[in-house]
RNA sequence: GUGGUUGUAGCUCAGUUGGUUAGAGCGCUGGAUUGUGGUUCCAGAGGUCGCCGGUUCGAGCCCGGUCUUCCACCCCA
């Protein structure tokens, strides 16, 4: 009995039209990555459990897909640990591999393992799927693609500057308007926490602050207090909740607020430099603005942080993010390697572009010339012509069976082929071929030896 | 992980207070002078109503479970 086929929750099939559009995005991104000097690498879908666990916080560990060991793994587990039902204790015995959760941690592992072959500073890009055991929602999948570019072994602020330019160029090439690149600096956040006396609760503070534009100042205050930040501290921070105005004005207020915090002041001067340099360089489409509420959950960031929001008319959350992490490879034993990186969320960019109708229409027309099949003799002549066209670089195809002409035309129409070639008994006899323009319906006959004339017209 | 939501033909959906052989549009297949598609006309195929169990004389409809979809949290691309 046939079973009804299905695929796991949060995963998708991609049909030909979708793949062409996804490839368009991937090609646009990777072209710019290469133009900016990044080199491609790939890493395995699965990593050792220890490589991933503990890198994304307690919440992240829960979302890592674990791979069940092969063989009689239950034999190794004693009755006692089974009966205790302690997941944390038993998991390492059941599973020693997991699907990668992002591309940054595998990259850090890669850098450490290949440190002797790598010429630093190393600029790499990587476009591969990642997996998260999240609950699927719109723009949220359990299998999705990240497009990452990172530099390791470079401390200068010029890298951050380059990443803002890279974001700008990619979104310009994609034709996605209204993209805003929000920047902040982890040291500013540390400084604020320090000044208000909540340095111990930096993560709780930033996570709550990050929600400001979503839930409003009142709820943010509430959440901070619930997380154990003192009312006095929250009160002091409140002054920053309504921070607005020009970049200049915001920085001035921050400078005053953080004057007692050397760390905070350092963050301000870096951010200020970044913004002014970006303005000096100019952008081709996107805009760049300071957002001190931008926090980004991943706690390995230590310097500038970026986040790219979808255009306001499409509710989608962020379509990219990144930042500087001073010690990502430290946990794998390689100290003092500073890194900066950004990521593009392919699947969300796809949804945004689809919603706004921004994909070039020409993408789905793969085959340009389609030859009908009138029988054995005729199709042999047709195939010869098709091969000539293919060798000229024109995508051409031949219907495989000599079925009814109406059926072949119907097929050509549905596939959207712009030109149909007929070589029937008449054409074969006269050594000719007839071309039908499917849009206008007009037909023209060429001598077989003049096929290059036809090919030249297509390319014109 | 918490709370809610959805599931009927390939697709989009109807289906009255539980009551005979479950419908529509689109799509699909075939036909309307065997070398002409996208428009028209005619005919046809296609469903164990997500799955498992329960209530009932009787369940697409009620109840429980499960999977799936989408949404809000959490978190994030």
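Values for this structure:
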item	result
Volume per residue that the Cα convex hull of the stretch A:270-395 spans, once the total is divided by residue count, Å³	231
Kirkwood Rh, Cα atoms: Rg over Rh of the stretch A:86-208	1.02
Contour excess over end-to-end distance, with Cα ends at residue A:155 and residue A:384 and 0.36 nm allotted per residue	76.5 nm
Degrees, to the nearest 10: A:212-226 long Cα axis against longest axis of chain A	40
Packing rank of A:190-201, A:349-360, where each peptide gets the mean count of other beta carbons within 10 Å, highest leading	A:190-201, A:349-360
Linear extension gain, residue A:133 paired with residue A:173, 0.36 nm per residue minus alpha-carbon span	11.2 nm
For chain A, calculated [θ]222 nm from helices alone, where every DSSP H run of n ≥ 4 adds -39500 (n - 2.57)	-13000 deg cm²/dmol
Estimated distance in nm for a label pair at residue A:247 and residue A:391, the labels positioned 7 Å out from Cα along Cα-to-Cβ	5.7
Antiparallel content of DSSP bridges confined to chain A, in %, to 5	80
By average C-beta atoms within 10 angstrom, highest first, the peptides A:378-389, A:96-107	A:96-107, A:378-389
Label-point gap, in nm, between residue A:444 and residue A:113 - each point 7 angstrom along Cα→Cβ	5.8
Computed lengthening from residue A:331 to residue A:425, 0.36 nm per intervening residue step minus Cα-Cα distance	26.4 nm
Estimated FRET transfer efficiency (residue A:411, residue A:358; beta-carbon r; R0 30 Å; 0.05)	0.55
Relative contact order of chain A, pairs being alpha-carbon contacts under 8 Å that are 6 or more residues apart, as %	15
Three-way shape call for the stretch A:1-146 based on the alpha-carbon gyration tensor, with the a/c threshold at 1.5	oblate
Overall form of the stretch A:148-221 per C-alpha gyration tensor (a/c, 1.5; a/b vs b/c)	oblate
P(r), alpha carbons of the stretch A:205-348 - 10 Å bins starting at zero, rounded %	9, 33, 39, 17, 1
Sequence-separation-based contact order of the stretch A:283-341, relative, with Cα cut under 8 Å and 6+ spacing, percent	25
Gap separating the Cα centres of the stretch A:245-276 and the stretch A:328-389, nearest whole Å	43
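Bear in mind that the values in this text are calculations on the coordinates, not laboratory data. Predicted model, so just to flag it, every value in this text is computed and none were measured. Cβ: placed from backbone, ideal geometry, glycine included. Neighbour counts: every protein chain shown.
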